[in-house]
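Worksheet for the structure shown next.
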Amino acid sequence: MMNAAKIGRVEDEKYIYLTTIGRNTGRTHTVELWFAMAGGKIYLSHEGTYTDWMKNIIRNNLVEYRIRDIHFKGRARIVAAGDEFEAGKNALYTKYYGHASKEIVDDWFSMSTLTEITTQVARASYKG
């Protein structure tokens, strides 16, 4: 489960640095993404076709990520529908664009894929 005290220090940060394991090479692959939190989980989105990091998650869902200087390990999955999908897309839209009607949020997400990360371990190097 996510360490609420540690993640609370960084949930307002703009970027997350997600590291996946390459499905073909086995090497680490790190990307900078927007993120939001809802229900104790991290949510990411991408519009369009699946990217390498998304394909890597489908093959191996163990991920590491960093927000500012706090490092975490977790499991990621693609979320296509349900309560988690609704919570994640609303959290992302609200964090980066502000509050909007359901129609606007649904339209914004009409071509997007949502990824959910459940944190398992936090290893902090936070000094603040």
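The values are calculated or read from the model by the stated rules, or taken from the named source; none is laboratory data. All values reported here derive from a predicted model rather than from experimental measurement. Here the Cβ positions follow ideal geometry from the backbone for every residue, glycine too, while neighbour counts run over all protein chains shown.
Among the residues in segment 34-47, are any in contact with a Lys or Arg (Cβ under 6 Å, 6 or more places away or on another chain), of a type in the set (A, V, I, L, M) and part of a strand (DSSP E or B)? Yes, segment 34-47 has at least one match.
Among the residues of segment 13-33, count how many are part of a loop (DSSP other than H, G, I, E, B) and either over 17 Å from T119 (Cβ atoms) or under 12 Å from the mean Cα position of the chain (by Cα) (or both). Of the residues in that region, 7 qualify. Here the condition is being surrounded by 13 or more Cβ atoms within 10 Å (Cβ to Cβ), in contact (Cβ under 8 Å) with a residue 12 or more places away in the chain and closer than 17 Å to E11 by Cβ; of E64, E116, it holds for E116 alone. Each residue in segment 56-85 was checked for being basic (K, R) and part of a strand (DSSP E or B), and 4 of them qualify.
Can you pull out the residues in segment 112-128 that are among the hydrophobic types (A, V, I, L, M, F, W, C) and at pLDDT below 90? Spell out how you get there, then give the answer.
Let us first name the residues in segment 112-128 that are among the hydrophobic types (A, V, I, L, M, F, W, C), namely 114, 117, 121-122, 124.
Hits for segment 112-128 are V121, A122, A124.
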